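Data block below; observations after.
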Amino acid sequence: MTKKHIMVLTTGGTIASKPSYSGRSQSGALSGEQLLDQVSLPQGVEVTLEVHSILQKPSNAVTLNDLAQLCYQGQAAMKREDIDGLVITHGTDTLEETAYFLSLTLLANKPCVITGSQRAPHQLGTDAFKNISDAIVAATRPQLSQLGCVVVFNESILSARYARKVSSFQLHGFDAPGVGPLGYIDGQRVKLYHAATEIAPPIVGWEAPLPRVDLLPAYLDASPKLLQACIESGAKALVIDGLGRGHVPPSWMATVRELVGIGVPVVIVSSCVQGPVNSSYEFSGSLADLASAGVITLNDISARKARLALALLLSSTPREALGKAMERLMA
């Protein structure tokens, strides 16, 4: 195999932790160079690594501005003729959101792989170095170049759109419920189960800082004042993590209609780990009721990811075209 040049951008997280004085893990304490010095690659994999520490923080502290900067850095790497692939290390709390954001914004012309770990490098049975090694191996393979930013974890390759953190501590920390992995890494072997499906072109024209989009879970007897509080405190749009097939408490409907009426974009998805929303019911707070009020209904996407897509489109798309743009993105 021809020697590849892979850029590694590190952002902190468990994967870059070291022990603290209290005996806990200090997330993001290791620099990229310190982390990569401990990684061994499978025999036969020849790469030159270029390592840059972009952030050193736990991923619960990552902001939209951080994502914008990471995108700019990644875009610069993708444009370099001498770079064959990009690897990003990240904390697992918000890894799925960063992966999806980069899939929406980076030009998919080279492999882009994001990984993390469930156990810190100093802990017994750490998965940190294996996941990094697998991510580097995956980033050397051109067949990943049209898949957007993929998640590599526990020897599996996952689509950024469908990847979800499914365990808070076990090594199989990520999965794609209802969809399954795109493939796997076994030593130096990279196997894709299916023919590559190209993702949509990247969203262009957006600018940081992105508009604030709030996410609200629907739950039994939830107060409609939550909706009002989001907008009154500065949110420009809302994503509702709906019940079942895309439902909300009946008491929310008056407020939803009021917000849509004054031009606030409202999106609803299902909080279920798999399955689409559907307007098969007719009652107050049903998906049919929400759609008739002007709410944008989306399938097969988590609320956390729909929020990112909506923020990017709010920054780059006329309001009257927002619904169609969101639907095209989710196709």
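Here Tyr193 passes the criteria (1) of a type in the set (Phe, Trp, Tyr); (2) more than 30 Å from Leu243 (Cβ to Cβ); (3) open to solvent by less than 70 Å² (accessible area, probe 1.4 Å) except the one numbered (3). Scanning region 261-284 for residues that are open to solvent by less than 50 Å² (accessible area, probe 1.4 Å) and touching a Ser or Thr at 6+ places or on another chain (Cβ under 8 Å) yields Val267, Ile268, Val269, Val277. Specify which of the listed residues (Gly263, Gly275) is on the phi > 0 side of the Ramachandran plot and at pLDDT below 95. Within the list Gly263, Gly275, the selection yields Gly275.
Selection of region 34-69 for residues being more than 19 Å from Gln123 (Cβ to Cβ), in contact with a strand residue (DSSP E or B) (Cβ under 8 Å, 6 or more places away or on another chain) and either modelled with pLDDT under 95 or in a loop (DSSP other than H, G, I, E, B) (or both) yields Leu41, Glu46, Ile54, Leu55.
In summary, Ile6 fulfils each of the numbered conditions (1) open to solvent by less than 30 Å² (accessible area, probe 1.4 Å); (2) farther than 23 Å from Leu171 by Cβ; (3) part of a loop (DSSP other than H, G, I, E, B); (4) β-branched (Val, Ile, Thr) with the single exception of condition (3).
Every residue, every condition in (1) closer than 14 Å to Trp206 by Cβ; (2) in a loop (DSSP other than H, G, I, E, B), yes or no:
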{"position": "Gly285", "(1), (2)": "no, yes"}
{"position": "Gly294", "(1), (2)": "no, yes"}
{"position": "Ala309", "(1), (2)": "yes, no"}
{"position": "Leu313", "(1), (2)": "yes, no"}
{"position": "Ser316", "(1), (2)": "yes, yes"}
{"position": "Leu322", "(1), (2)": "yes, no"}
{"position": "Arg328", "(1), (2)": "no, no"}
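Only a single item in (1) out of contact with any Leu (no Cβ under 9 Å at 6 or more places or on another chain); (2) open to solvent by 40 Å² or more (accessible area, probe 1.4 Å); (3) modelled with pLDDT under 95 is not met by Lys18, and it is number (1).
The values are calculated or read from the model by the stated rules, or taken from the named source; none is laboratory data. Just so it is clear, the model here is predicted, and its values are computed rather than measured. Virtual Cβ from ideal backbone geometry, glycine too; neighbours counted across all protein chains shown. Heavy atoms of the whole protein, side chains included, go into the accessibility calculation; ligands, DNA and RNA do not. Shrake-Rupley method; radii C 1.70, N 1.55, O 1.52, S 1.80 Å.
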